Structures are given as C-alpha cells and as structure tokens.
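My questions will all concern the structure given below.
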Amino acid sequence: MFGKLTAPAPDKILALSGLYRADTRDTKIDLGVGVYKDAKGQTPIMTAIAKAEKLVHETETTKSYASLIGQPDFHAAMAQMVLGADYPAERLSFLSTVGGTGACRQAFELARLANPDCTVWVSDPTWPNHLAILDFMQMPRKSYRYFDNASRSVDFDAMIADIKQAKPGDIVLLHGCCHNPTGANLTLEQWAIVAKTLLANGATAMIDLAYQGFGDGLADDAAGTRLMAEQMPELLIAASCSKNFGIYRERTGLLMVLTDATAQEATQGNLGKLNRLAYSFPPFHGQALVAKVLTDSSLRKEWQDELEAVRNGMLGLREQLASELRQLSNSDRFDFLAQHRGMFSRLGATEEQVLKMRADNAIYMVGDSRLNIAGLNSTTVPLLAKAIIDAGV
Ligand code: LMR
C-alpha cells in the first residue's frame, strides 16, 4: 500500500533550515525560519518562562488528562491579552491547540463544518503553510492582492476590490500584525475599511495572530483584531504563543471563535469534538506556563520587559540595515525595511539573487526573498547589506 506514495515536495521554510545546517562555512547567516535569535544567534528561554516553569513543576501533582478544550485560566488570560480586559466572554468559544498551526487547522475545520462550500481567501502572498493546509484539506481557496512589489507596501485598493468578492460563508484570512512573509501591515484606518467591507458582503474574517508583541507592542499589535472583534458578528482568531513567549517546542496555540451568544454552546461543543478527533487533549505544559506568566504580576512585568527588548532589538536592526543600504545604494529604495514590522520583510530580490547570496555569502533567506530580521546582529547587518548590493538587488 505504501509503495503507492510519492514523496511530497518539501516545505520550503523547513527545507531551508536543513540546507543552512548542512553548510560548513562559519560565516553563514540564517535568515530563514521565523525563530527569534539574540545577538549571539541563540533562542533563549525567556527568564519569566524559566521561573514559571519552576513554579509549575513545584505545584503540579498529577499528569492525568486535563481539559479537552484547554485550560480556562489560559483561555481567560489570552483573551485578555488579545482582546483587552472587557472581552465579550459570553460570545467566545475557546480551543487550545497544538501551536498556532493547530489553531489555523482547527479554524479551517470548523469553517468547513459550518459551511462545506466555504472558500478561504488568503493574502497574496501568505505563509506558505496556510496554502499547504488548505490544499491538503481540499478546501477551495482564492487569493486577494495584498503586496505591491514596487513600493514594498500594502496595495490596499486592490485588497479591498478583491475581498469585496467574498461571499457569506466564506472566510477571509488576515494577518493580525507582522504580516508573514512581507512585513507590510494594515493601518487601523485600513482595518476599519476591511471590517466595513466584510460587514457589507457577509463574509467571516479569520485572523492569524502569530507575532503579537513583535511589531509595535502588545496592545498596538492587537488593535486591528480588537477592532474586528468589536465590529464583526463572527470572527475566528488563531493565536500562537510560540514567538512572543519563546516556547516554540511546547506547541501552544489558541483558537478563539466569536459568535452570536446563542451560537456559543454549539460552537464550543464542536470545537471540543475537533480536538477529540484530531489528538484528544491539547498539550498542557505551554498553557500552564503562559497562564502563570500572564496572571502573576511580577512575572508578567518581567516577560513584557523582555518582549519589549526583543522588539526594540529588531527595530534597531531594521534601522541599521536600512541605513547601511541607503549609503551603499545611494538611494532610499530600501527604507521600507525600517517601516515594516515584525520578524520578516520581503526584500524584493529575485530567486536568482537569493540563490546568489546563498552561494557567494552563505546568506540563507527564503526563495521569495523573505528575510528574518532576528537572524541578524549589528556585525552581520553590514555583511548582508553588501551582499544585497553585490547581488544586484
Ligand atoms: C515561519 O514562517 O518561518 C514560522 O511561522 C515557522 C513555520 O512554522 O513556518
């Protein structure tokens, strides 16, 4: 039976990590997978997480099963972090998931359960795994224009013209902040127009929020999501704790579904069933760590301070890279790097130029020229800037 299988095309982001590891040049620079690295190239355990881990370990008395839908303290703390203190509890259903990827997958499953004909509208470009999951599930998808390659900014008129075509029962997938892979984000005014557009055509928004705290700060990064939650009758939110809590391998994610209060019970029931059918109980440990950090005022402060340092570090690297490139190119055509937010920017290099930088300079960025700013430090920024110019970008 298994002889009939053909090997799948490798995931481009994960395959790049393999190529990077195999490169023996000691000057190599990894700007691929979306993992935060400090100036020494390490992905440290955040100090608040390390302390929470100790506390959880000391107070844990059993490893028996916990809740199928996840832990209520984790849900409440996350709802508050994402939606603010006055989140509408009576309209929300929760599902703790295996990371943010799991939250996206379960959101698509729920949408298909509610409407078997659901088409999912995704930004062009989007995180490649959105596309891969939808195709694997054989869910119809359409792209809406998002990124203007010439200005490296959001092509908002085109986006609105396209999402206008979505129908009731369709999902329009948006990136809450720190758009992956482009780094180009909507302003709050633009979020309001997106909300108005979807209210008019009756399509349901889904927000993938994987980088809250990495762009303009915890509250600002959630501003678009909060606006949508205030205005839309229904909303799916897939939140990841991998990056902002630095707990990638704990696989901690949360799907929140906003519905009419009368639909909450059935929605919550279906969410629990989706976990039961996929893997039964979601991972517990990461939920416990996040709940502890968010509800203990001193740990929370420590975590927020560290997250701010991470965010400001990335902003500093963006400024430095834009300024190096301003000098080397004698132009302001790379200034978008300082305006983008989050871990990623799409440089706008051709695949050939990306491969040239890999061959000549051992610089690893994804083939679409997405670069992970956090893979840099103040010493490697000038090397990257020179490589970009040498490659003819
Ligand atoms: C990325 O886009 O690099 C991250 O979200 C990691 C992943 O799973 O692809």
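The values are calculated or read from the model by the stated rules, or taken from the named source; none is laboratory data. Just so it is clear, the model here is predicted, and its values are computed rather than measured. Cβ: placed from backbone, ideal geometry, glycine included. Neighbour counts: every protein chain shown. What goes into the accessible areas is simple: the full protein's heavy atoms, side chains included, and nothing from ligands, DNA or RNA. Shrake-Rupley method; radii C 1.70, N 1.55, O 1.52, S 1.80 Å.
Condition check ((1) under 19 Å from residue 377 (Cα atoms); (2) more than 16 Å from the ligand (Cβ to nearest atom); (3) in the same structural domain as residue 132 (by TED's automatic domain parsing)) across all residues:
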| residue | (1), (2), (3) |
| --- | --- |
| 20 | yes, no, no |
| 26 | yes, yes, no |
| 50 | no, yes, no |
| 54 | no, yes, no |
| 57 | no, yes, no |
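Answer yes or no: is there a residue in the stretch 197-207 that is open to solvent by 10 Å² or more (accessible area, probe 1.4 Å), touching a strand residue (DSSP E or B) at 6+ places or on another chain (Cβ under 8 Å) and either free of Cβ contacts under 8 Å to residues at least 12 places away in the same chain or within 16 Å of the ligand (Cβ to nearest atom) (or both). Can you show your working first?
The first filter runs over the stretch 197-207 and keeps only residues open to solvent by 10 Å² or more (accessible area, probe 1.4 Å), leaving 197, 199-202, 204.
Filter once more, keeping what is touching a strand residue (DSSP E or B) at 6+ places or on another chain (Cβ under 8 Å): 204.
From what is left, the residues that are either free of Cβ contacts under 8 Å to residues at least 12 places away in the same chain or within 16 Å of the ligand (Cβ to nearest atom) (or both) are none.
No, because not a single residue in the stretch 197-207 is open to solvent by 10 Å² or more (accessible area, probe 1.4 Å), touching a strand residue (DSSP E or B) at 6+ places or on another chain (Cβ under 8 Å) and either free of Cβ contacts under 8 Å to residues at least 12 places away in the same chain or within 16 Å of the ligand (Cβ to nearest atom) (or both).
Restricting attention to the stretch 1-14, which residues are surrounded by fewer than 15 Cβ atoms within 10 Å (Cβ to Cβ) and part of a helix (DSSP H, G or I)? Give the derivation first.
Quick first cut of the stretch 1-14, residues surrounded by fewer than 15 Cβ atoms within 10 Å (Cβ to Cβ) only: 1-11, 14.
The answer is 2, 3, 4, 14.
Also: What number of residues within the stretch 22-49 satisfy the criterion of being outside any loop (DSSP other than H, G, I, E, B) and open to solvent by 50 Å² or more (accessible area, probe 1.4 Å)?
Final tally of qualifying residues: 2.
Going through the stretch 117-164 one residue at a time, which ones are touching a Pro at 6+ places or on another chain (Cβ under 9 Å), within 16 Å of the ligand (Cβ to nearest atom) and of a type in the set (Val, Ile, Thr)?
Within the stretch 117-164, 126 is the sole residue that qualifies.
The conditions are (1) under 30 Å from residue 310 (Cβ atoms); (2) open to solvent by less than 50 Å² (accessible area, probe 1.4 Å); (3) part of a helix (DSSP H, G or I), and residue 264 fails exactly one of them. Which is it?
Every listed condition holds for residue 264 apart from (1).
Being farther than 27 Å from residue 189 by Cβ and assigned to a helix (DSSP H, G or I) is the filter; apply it to the stretch 117-140 and report the residue that is most open to solvent (accessible area, probe 1.4 Å).
The residue in question is 136.
Identify, by number, the condition in (1) in the same structural domain as residue 36 (by TED's automatic domain parsing); (2) not in a loop (DSSP other than H, G, I, E, B) that residue 271 doesn't meet.
(1)
So which residues in the stretch 243-257 are closer than 27 Å to residue 113 by Cβ and either at pLDDT below 95 or crowded, with 23+ Cβ neighbours inside 10 Å (or both)? Step through it out loud before you land on a result.
Filtering the stretch 243-257 down to residues closer than 27 Å to residue 113 by Cβ leaves 251-257.
Listed by number, the residues that qualify are 252, 253, 254, 255, 256, 257.
For the stretch 215-236, check the following and say yes or no: at least one residue is in contact (Cβ under 8 Å) with a residue 24 or more places away in the chain, outside the structural domain of residue 35 (by TED's automatic domain parsing), in contact with a Lys or Arg (Cβ under 9 Å, 6 or more places away or on another chain) and within 16 Å of the ligand (Cβ to nearest atom).
There is at least one residue in the stretch 215-236 that is in contact (Cβ under 8 Å) with a residue 24 or more places away in the chain, outside the structural domain of residue 35 (by TED's automatic domain parsing), in contact with a Lys or Arg (Cβ under 9 Å, 6 or more places away or on another chain) and within 16 Å of the ligand (Cβ to nearest atom).
Now for a different question. Going through 317, 277 one at a time, which residue ends up being crowded, with 21+ Cβ neighbours inside 10 Å and modelled with pLDDT of 95 or more?
After applying the criteria, what remains is 317.
Out of 151, 143, which single residue is among the hydroxyl-bearing types (Ser, Thr, Tyr), touching a Ser or Thr at 6+ places or on another chain (Cβ under 8 Å) and surrounded by fewer than 21 Cβ atoms within 10 Å (Cβ to Cβ)?
Numbers: 151 fails: touching a Ser or Thr at 6+ places or on another chain (Cβ under 8 Å).
Matching residue, one of 151, 143: 143.
So which residues in the stretch 60-77 are under 23 Å from residue 94 (Cβ atoms), surrounded by fewer than 17 Cβ atoms within 10 Å (Cβ to Cβ) and either under 19 Å from the mean Cα position of the chain (by Cα) or not aliphatic (A, V, I, L, M) (or both)?
60, 62, 63, 64, 65, 72, 73
Taking residue 127, is it of a type in the set (Phe, Trp, Tyr) and within 25 Å of residue 200 (Cα to Cα)?
no
How many residues does the stretch 92-111 contain that are open to solvent by 20 Å² or more (accessible area, probe 1.4 Å) and either assigned to a strand (DSSP E or B) or within 16 Å of the ligand (Cβ to nearest atom) (or both)?
4
Which residues, taken from the stretch 321-361, are more than 16 Å from the ligand (Cβ to nearest atom), surrounded by 20 or more Cβ atoms within 10 Å (Cβ to Cβ) and not small (Gly, Ala, Ser)?
321, 324, 325, 334, 336, 337, 357, 358
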